[in-house]
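Below is one structure, written out as structure tokens; the observations come after it.
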Amino acid sequence: MTTAPVSGDRTIAGRTPLDDVIARLRRHRPVFHSEADLQHSFARALWELAPDVHSRLEVPQRYAGRAEYLDLLCIGPSARTAIEFKYFTRRWTGAVAGTAGTPAEDYALKGHAATDLARLHFVRDIARLERFCRHPDRNGLAVMLTNEAALWAPPTPGRRPTRDREFRIHQDHELTGTLLWADGTYEPNTCTLRGTYVLDWRPYSRLPGPGGEFRYAAVPVAADG
């Protein structure tokens, strides 16, 4: 019997735990070429575990008279899950072969320097999922995979405040309420969350060399009543 998602649930479309999909994914894909590569590979791993869950990429949703696009919509027999992905990388180059990578491939990841914007866009993903989850048969998951330790590590004590300080997503940090960018001096980046979310970063893979450690955070967004 399938049950609809509940508060804090990490189950996809009422069928498969997110952790099961991640475990299957990391066995064959410890690293990805791009965010699109991650999305496609995730959808395939989900299908292998739950063939009755249908995946759709870049699905438009109407909000306030305009279209917003969900990265991945997972449709089960009685529940739906929207997933937003972020793949933020620092520079890493290497080959992945054997059981940790199928097939063997060479990777050359670019470095994305703007960690403040990575935090902003991830929080916006959570807000977008809250809008999607206004039906009792829907839940959401905001997933970030990264090898940039500055995202999961807390800020250094005593450092000067940054414009994204209310958007921090390091381990155990709590996101809730109205978040102001640069103390509210740039209103377009203000973001309001109706829920409360505590960040939990988990190991994903470890590859040779600097930047070879990857972790992921998954924020579950519950359905409304």
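Some observations on this one:
- Among the criteria (1) touching a helix residue (DSSP H, G or I) at 6+ places or on another chain (Cβ under 8 Å); (2) under 24 Å from ALA182 (Cα atoms); (3) buried (at least 17 other Cβ atoms within 10 Å of the Cβ); (4) aliphatic (A, V, I, L, M), the one ALA150 does not fulfil is (3).
- Criterion: charged (D, E, K, R), more than 27 Å from TYR107 (Cα to Cα), under 15 Å from the mean Cα position of the chain (by Cα) and not in a strand (DSSP E or B) - qualifying residue of ASP37, ASP9: ASP9
- PHE132 being closer than 14 Å to PHE88 by Cβ and either modelled with pLDDT under 95 or buried (at least 21 other Cβ atoms within 10 Å of the Cβ) (or both): no
- Evaluated against (1) under 30 Å from VAL96 (Cα atoms); (2) in contact with a helix residue (DSSP H, G or I) (Cβ under 9 Å, 6 or more places away or on another chain), LEU193 falls short on exactly one condition, (1).
- Members of the stretch 59-116 that are assigned to a loop (DSSP other than H, G, I, E, B), under 18 Å from the mean Cα position of the chain (by Cα) and of a type in the set (Val, Ile, Thr): THR89
- Selection of the stretch 20-47 for residues being of a type in the set (Phe, Trp, Tyr) and touching a residue at least 40 places away in the same chain (Cβ under 8 Å) yields PHE32, PHE42.
- Checking THR196 against (1) assigned to a strand (DSSP E or B); (2) more than 20 Å from the chain's Cα centre (by Cα); (3) not basic (Lys, Arg), the condition it does not meet: (2)
- Meets criteria (modelled with pLDDT of 95 or more, of a type in the set (Lys, Arg), within 19 Å of ALA218 (Cβ to Cβ) and surrounded by 13 or more Cβ atoms within 10 Å (Cβ to Cβ)) for ARG90: no
- Every residue from the stretch 121-132 that is farther than 17 Å from ALA223 by Cα and either aromatic (Phe, Trp, Tyr) or assigned to a strand (DSSP E or B) (or both): PHE122
- All positions within the stretch 133-184 that are touching a strand residue (DSSP E or B) at 6+ places or on another chain (Cβ under 6 Å), in a helix (DSSP H, G or I) and among the acidic types (Asp, Glu): GLU166
The values are calculated or read from the model by the stated rules, or taken from the named source; none is laboratory data. Remember, predicted model here, so these are calculated numbers, not experimental data. Glycine gets a Cβ as well: all are built from the backbone with ideal geometry, and neighbour counts include every protein chain shown.
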